[in-house]
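Asker: Got a structure for you, questions after.
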Amino acid sequence: MSLPKINPTSTVAWKKLQEHFQSIEEVQMKDLFAQDPERANKLTLYWEDFYIDFSKNRITDQTLSLLLELAKEVKLEDAIKSYFSGEIINETENRAVLHTALRAKETEAISVEGENIIPKVFEVKKQIETFTNQIVNGSKKGFTGKKFTDVVNIGIGGSDLGPAMVVGSLEFYKNHLTTHFVSNIDGDHVQEIIKKLNPETTLFVIVSKTFTTQETLTNANTIREWFLKSATQQDVAKHFVAVSTNIEKTKEFGISESNIFPIWDWVGGRFSLWSAVGLSISLSVGFENFNKLLSGANKMDTHFKTEAFDKNLPVVLALISIWYNNFFKTETEAVIPYSQYLNNFSAYLQQSSMESNGKSVDRNGNHVSYQTGNVVWGTPGTNSQHAFFQLIHQGTKLIPVDFIGFVDSLHGNQDHQDKLISNFIAQTEALLNGKSKELIIQEAQAENLTLEQTNKLLPFKVFEGNKPTNTIFIQKLTPESLGKLIAMYEHKIFVQGIIWNVFSFDQFGVELGKKLAGNILGDIKNSSLANHDASTLNLLHYYKKLT
């Protein structure tokens with residue numbers, strides 16, 4: 001069974017939403033709150049330690065009802081069943097999509113081509129646990145008999161962004177090991193990491209499914225050359241491990257077969273942190289916390305699979321995003337976590353969302369006539385308030401924002417936390433209400449400004465307000481709550497892809513640049529140049545002349 005292939009614009013619900021949009025486009029959210037004293041309560045969802053207020057959106061009960069109709073018409077329920085059951089929903093690459101199986105319970109049974117994959121998943125989890133414990137407790141040592149102090153993850157894309165984001169997010173829970181990430185093929189990047197390391201006490205984790213990724217293998221080889229200045233080829237086996245399917249290539253590199261952690265075809269890169277790709281996470285925070293991360297994601301999976309759509313966190317967030325993207329024609333959405341720990345969270349979502357749904361051809365092979373994909377961006381608050389919030393408040397673009405906050409701080413400084421959360425809540429209120437002319441005039445009078453001064457400043461100080469936000473309030477940043485949060489956004493992305501009728505799990509757009517880079521590298525290394533456009537030829541001549 002394949003995914004449904006329904007053009008959303010052909011549905012009855014889409015046409016109703018277009019008509020509805022005409023009547024609601026200019027609606028003021030302040031008026032909606034005034035008309036319905038229960039609005040905030042009705043448009044808030046509670047689930048475990050999550051509290052999600054989506055009342056500050058340009059939506060009514062009718063909007064939600066029509067969006068839920070759209071979800072039914074595009075057969076979202078059937079798609080979710082296919083998603084979790086191991087069917088080949090990544091049709092263009094002939095693969096199942098089962099990162100959810102990586103965090104499933106051991107009692108579950110999920111089949112791929114007739115084989116229950118859960119026992120294999122747990123075999124690898126046991127391998128991760130054993131290896132992690134040996135490194136953390138010091139029983140597995142480096143080539144001079146010293147305990148490991150540093151771990152370097154060598155990967156790119158999902159093999160870097162996911163683990164790096166989680167390790168940063170869970171820094172509070174880290175052990176004595178210091179974790180570093182090498183991703184960019186920029187030689188300056190890898191050299192800056194190397195100069196911080198002692199080869200006797202550093203473990204290197206090479207993450208490459210095929211063990212052929214240019215950036216990853218280039219960095220790995222550079223690091224091995226550096227390592228071999230202090231050690232022998234035999235010592236490589238004690239300091240390098242791999243997450244890969246290519247046993248022969250990893251063994252040729254010098255990695256012991258017992259230190260190769262498998263990954264499967266049905267795990268996409270940008271959703272792979274739950275697999276052995278997350279080995280650096282386990283090493284950084286310990287296997288127990290890594291397992292709690294998986295457990296939290298599994299709880300969100302169960303919620304997504306079983307909860308009615310109107311109470312389903314990923315579904316509701318996805319439908320609201322569709323509403324803005326396809327009817328208000330917004331092109332971006334900001335994700336602002338009020339936690340410095342989540343410094344890399346928006347960058348992680350950027351890849352998982354934009355690589356998944358950045359498609360212009362639908363599942364029928366037709367060019368789409370509607371917007372797909374959102375430009376996802378953001379940095380933590382309160383820093384972002386002093387950076388780009390001016391544009392969100394008073395700019396010409398409508399930018400929906402997700403605010404993510406935690407009730408409890410991890411270090412317990414209540415004064416800092418109170419000030420952080422006051423900003424977190426105040427921004428959503430400011431974006432809702434804006435600032436009226438009347439209030440500005442009152443403030444000017446209090447400051448004893450003349451009428452002329454007041455009128456001159458008035459147009460610059462008015463805030464229109466009516467800017468949409470979702471507020472995601474979580475009790476505390478723990479490995480489990482982080483797992484829930486990441487999985488919630490994963491499922492939101494899936495729902496959006498189903499509604500837009502695109503294949504969310506391939507990424508052919510990534511491959512073209514890789515191939516052309518290989519061709520151009522040949523031109524740089526050779527004396528003659530291949531046939532290129534005039535601009536590319538000029539750039540090649542310029543580079544070769546100066547290097």
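The values are calculated or read from the model by the stated rules, or taken from the named source; none is laboratory data. Given the structure is predicted, the values throughout are model-derived calculations rather than measurements. Methodologically, a virtual Cβ is constructed for each residue, glycine included, from the backbone with ideal geometry; neighbour enumeration extends over all protein chains shown.
Asker: Residue check, T107 against (1) more than 24 Å from the chain's Cα centre (by Cα); (2) in a helix (DSSP H, G or I); (3) polar (S, T, N, Q), all met but one. Which one?
Answerer: (2)
Asker: Of (1) closer than 27 Å to A347 by Cβ; (2) crowded, with 21+ Cβ neighbours inside 10 Å, H180 satisfies all except one. Which?
Answerer: Every condition holds for H180 apart from (2).
Asker: Now for a separate question. Could you tell me how many of the residues in region 89-147 are surrounded by fewer than 18 Cβ atoms within 10 Å (Cβ to Cβ) and either outside the structural domain of Q234 (by TED's automatic domain parsing) or not hydrophobic (A, V, I, L, M, F, W, C) (or both)?
Answerer: Residues flagged as surrounded by fewer than 18 Cβ atoms within 10 Å (Cβ to Cβ) and either outside the structural domain of Q234 (by TED's automatic domain parsing) or not hydrophobic (A, V, I, L, M, F, W, C) (or both) within region 89-147 amount to 31.
Asker: Something else about it: Would you please list the contacts, defined by Cβ atoms under 9 Å and residues six or more apart or on different chains, that run from a residue in region 177-188 that is in the same structural domain as G278 (by TED's automatic domain parsing) to a residue that is surrounded by fewer than 20 Cβ atoms within 10 Å (Cβ to Cβ) and basic (K, R)?
Answerer: Between residues of region 177-188 that are in the same structural domain as G278 (by TED's automatic domain parsing) and residues that are surrounded by fewer than 20 Cβ atoms within 10 Å (Cβ to Cβ) and basic (K, R), the close pairs are T178/K196; H180/K196.
Asker: Tell me whether region 463-476 contains one or more residues that are under 30 Å from R103 (Cα atoms), in a loop (DSSP other than H, G, I, E, B) and not small (G, A, S).
Answerer: Scanning region 463-476, I find at least one residue that is under 30 Å from R103 (Cα atoms), in a loop (DSSP other than H, G, I, E, B) and not small (G, A, S), so the answer is yes.
Residues are listed down the side, and each one gets a yes or a no for (1) basic (K, R); (2) buried (at least 23 other Cβ atoms within 10 Å of the Cβ):
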{"residue": "L458", "(1), (2)": "no, no"}
{"residue": "P468", "(1), (2)": "no, yes"}
{"residue": "K476", "(1), (2)": "yes, no"}
{"residue": "G483", "(1), (2)": "no, yes"}
{"residue": "A487", "(1), (2)": "no, yes"}
{"residue": "H491", "(1), (2)": "no, yes"}
{"residue": "I499", "(1), (2)": "no, yes"}
{"residue": "V502", "(1), (2)": "no, no"}
{"residue": "F505", "(1), (2)": "no, yes"}
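Asker: Given the residues T232, T202, which is the only one that is exposed (fewer than 13 other Cβ atoms within 10 Å of the Cβ) and either of a type outside the set (A, V, I, L, M) or more than 30 Å from K515 (Cβ to Cβ) (or both)?
Answerer: The unique qualifying residue is T232.
Asker: Is it true that some residue in region 442-456 is modelled with pLDDT of 90 or more, at positive phi, over 27 Å from the mean Cα position of the chain (by Cα) and outside any helix (DSSP H, G or I)?
Answerer: Scanning region 442-456, I find at least one residue that is modelled with pLDDT of 90 or more, at positive phi, over 27 Å from the mean Cα position of the chain (by Cα) and outside any helix (DSSP H, G or I), so the answer is yes.
Asker: Now for a separate question. Being on the phi < 0 side of the Ramachandran plot, under 27 Å from the mean Cα position of the chain (by Cα) and not assigned by TED's automatic domain parsing to the domain that holds Q351, is that true of even one residue in region 221-239?
Answerer: Residues of region 221-239 that are on the phi < 0 side of the Ramachandran plot, as a first pass: 221-239.
Among the residues that remain, those that are also under 27 Å from the mean Cα position of the chain (by Cα) are: none.
So far as region 221-239 goes, no, none of its residues is on the phi < 0 side of the Ramachandran plot, under 27 Å from the mean Cα position of the chain (by Cα) and not assigned by TED's automatic domain parsing to the domain that holds Q351.
Asker: Further, regarding this structure: Looking at F21, F50, F33, which is the one that is of a type in the set (A, V, I, L, M, F, W, C) and in contact with a strand residue (DSSP E or B) (Cβ under 9 Å, 6 or more places away or on another chain)?
Answerer: F50
Asker: Oh, and also: I want to confirm something. Restricting to region 56-86 and keeping residues that are part of a loop (DSSP other than H, G, I, E, B) and within 24 Å of the chain's Cα centre (by Cα), which single residue is surrounded by the most Cβ atoms within 10 Å (Cβ to Cβ)?
Answerer: Among them, the one singled out is K56.
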